[in-house]
Structure formats: structure tokens, C-alpha cells
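Working notes for the structure below.
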Amino acid sequence: MATVPADKPNTWARYRKPVIITTAVIVLQLLFGFDPKFCIINIIWLLV
């Protein structure tokens, strides 16, 4: 297993929460129908 240098941030740890939230939003969109307003609000929320 490769080691990560101390000065290099762990990419997966940094983006783990947004990836999980984005996946959940996509699943909800597929289950309940696509709502562009809801999708845009969630994307903006992730970028803040």
C-alpha cells in the first residue's frame, strides 16, 4: 500500500462528504423525479 506524504492532503478524505451527498441527491432525484431547482440548490450548497 502506498503511503501519502505528510504535506500532501488525502484527496479521498477531503472529498468524501461531498461525494456521499452528491450520490444521495442523485438517488433521490431518480426516485422522486428530477427537480432542477432542488438539484441546483444542492450543488450550490456543496460548493459553499
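The values are calculated or read from the model by the stated rules, or taken from the named source; none is laboratory data. Computed from a prediction, not measured in an experiment: that's the story for all the values here. A quick note on method: Cβ atoms are made from the backbone with ideal geometry, for glycine too, and the neighbour counts reach across all protein chains shown.
Within the range 35-48, the set of residues being more than 24 Å from R14 (Cβ to Cβ) and surrounded by 10 or more Cβ atoms within 10 Å (Cβ to Cβ) comprises D35, F38.
Exactly one of these conditions fails for T3: (1) at pLDDT 75 or above; (2) in a loop (DSSP other than H, G, I, E, B); (3) among the β-branched types (V, I, T). Give me its number. Exception for T3: condition (1).
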